[in-house]
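Worksheet: the structure to be examined is printed underneath.
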Amino acid sequence: PILDFDYNSSRLVLDALPELITREGKKNIRIRKLAQDSLDTYSDVRSVSRKVWAGKRKDFLPKPEAGDEDTTIDIDFVVHLGMELREETFGLETQARRDVYDKPGSDGKYLGTNPFVEKGLPEVLKTSFDVHAAWEKVHKQFPDTPCFVSDDAGSYFCEFRLYSSLAEALEHDEDIKGKVIFLHVPKKRDPEAIQFAADLAVAYFKALADDKVLTDTNA
């Protein structure tokens with residue numbers, strides 16, 4: 001649930017995503033879904049960011065085989081999904097700000113001392129992906145769908161998740177710097193709308209997988 005809504009369409013879209021995206025003549029994309037829901041609290045978001053980039057097999061779906069719990073998996077890039085509250089559209093986020101989090105979380109607690117300021121991190125962190133180029137590919141496949149590139153992820157927990165994940169990547173390893181994206185999906189939650197959103201997300205992931213930030217690294 002989020003704010004006044006008793007559901008989160010992005011959770012439904014996540015559930016509808018396949019575990020494997022096949023691409024003819026190219027590397028397939030394996031989707032590893034975090035095995036827990038991320039709460040709208042500052043402490044949980046920070047914990048989840050660290051957990052995702054740590055890549056412990058036990059923290060991801062599908063559940064690991066016996067004996068594989070302590071192995072690690074390679075994370076090429078991280079995708080966050082969120083429900084777009086402002087309008088019925090898809091939003092392809094490009095950046096997150098450091099200093100805009102003045103609202104309490106679902107536990108009533110505020111951010112307090114900003115850990116990113118203490119670490120001297122930039123006021124704005126941006127994805128390394130060419131989101132505009134990816135959008136062009138998505139737009140060709142879904143020409144009549146409201147979908148835009150955004151530099152304002154909403155100054156609440158969607159944006160905090162994006163900044164937190166970008167910050168973790170920045171501190172974790174130079175090779176994964178900026179390899180984070182955030183996709184806002186519409187509020188509609190009927191089965192057809194959820195499947196459509198999942199299909200658009202798959203198209204977006206395919207476009208991102210062709211980005212030079214990944215192909216140069218994996219060459």
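What follows draws every value from the coordinates through simple rules; no lab data is involved. Since the model is a prediction, treat every value here as computed from it, not as a measurement. Glycine also receives a Cβ, built like all others from the backbone with ideal geometry; neighbour counts cover every protein chain displayed.
Taking 7 Å steps out from each Cα toward its Cβ at residue 171 and residue 23 produces label points 3.1 nm apart.
Estimated at 0.36 nm per residue, the fully extended path between residue 50 and residue 140 surpasses their Cα-Cα distance by 28.9 nm. Reducing region 141-180 and region 23-84 to their Cα centroids gives an inter-centroid distance of 15 Å. By the count of other C-beta atoms within 10 Å, a proxy for reagent exposure, 78, 117 are ordered fewest to most as 117, 78.
Computed from phi, the 3J(HN,Hα) profile of region 12-23 under the Karplus parametrisation 6.51, -1.76, 1.60 (θ = phi - 60°) reads 5, 5, 4, 4, 7, 6, x, 6, 9, 10, 8, 9 Hz, with x in place of Gly and Pro.
The trypsin sites (Lys or Arg not before Pro) of region 111-146 that meet both conditions, a loop assignment by DSSP and at most 15 other Cβ atoms within 10 Å of the site Cβ, are 119. Spatially close Lys pairs in region 83-218, defined by Cα atoms under 13 Å apart and a spacing of eight or more places or different chains, total 4.
For a modelled paramagnetic label at residue 149, 7 Å from Cα along Cα-to-Cβ, the residues of region 79-99 in reach, with backbone nitrogen under 13 Å, are 92-95. Only beta bridges with both residues in region 81-219 are counted; by DSSP, about 45 percent of them are antiparallel. The C-alpha radius of gyration of the chain, expressed as a fraction of 2.2 N^0.38 Å, stands at 0.98.
Working note: 222 nm ellipticity from helices only, DSSP H runs with n ≥ 4, each -39,500 (n - 2.57), summed and divided by the residues of the chain, gives -10500 deg cm²/dmol to the nearest 500.
Modelled label positions at residue 34 and residue 73, each set 7 Å beyond Cα in the direction of Cβ, lie 1.4 nm from each other. By other beta-carbon atoms within 10 Å, ranking 176, 21, 181 with the fewest at the front produces 21, 176, 181. Summary value for region 9-215: 31 percent relative contact order, contacts being C-alpha pairs under 8 angstrom separated by 6+ residues. With the dipole of the chain worked out from charges on the C-beta (+1 for Lys and Arg, -1 for Asp and Glu) around the Cα centre, which of 193, 146, 156 lies farthest toward the positive end? Value: 193.
Largest GNM mean-square fluctuation across 14, 200, 121, computed for the chain with C-alpha springs under 10 Å, falls on 121.
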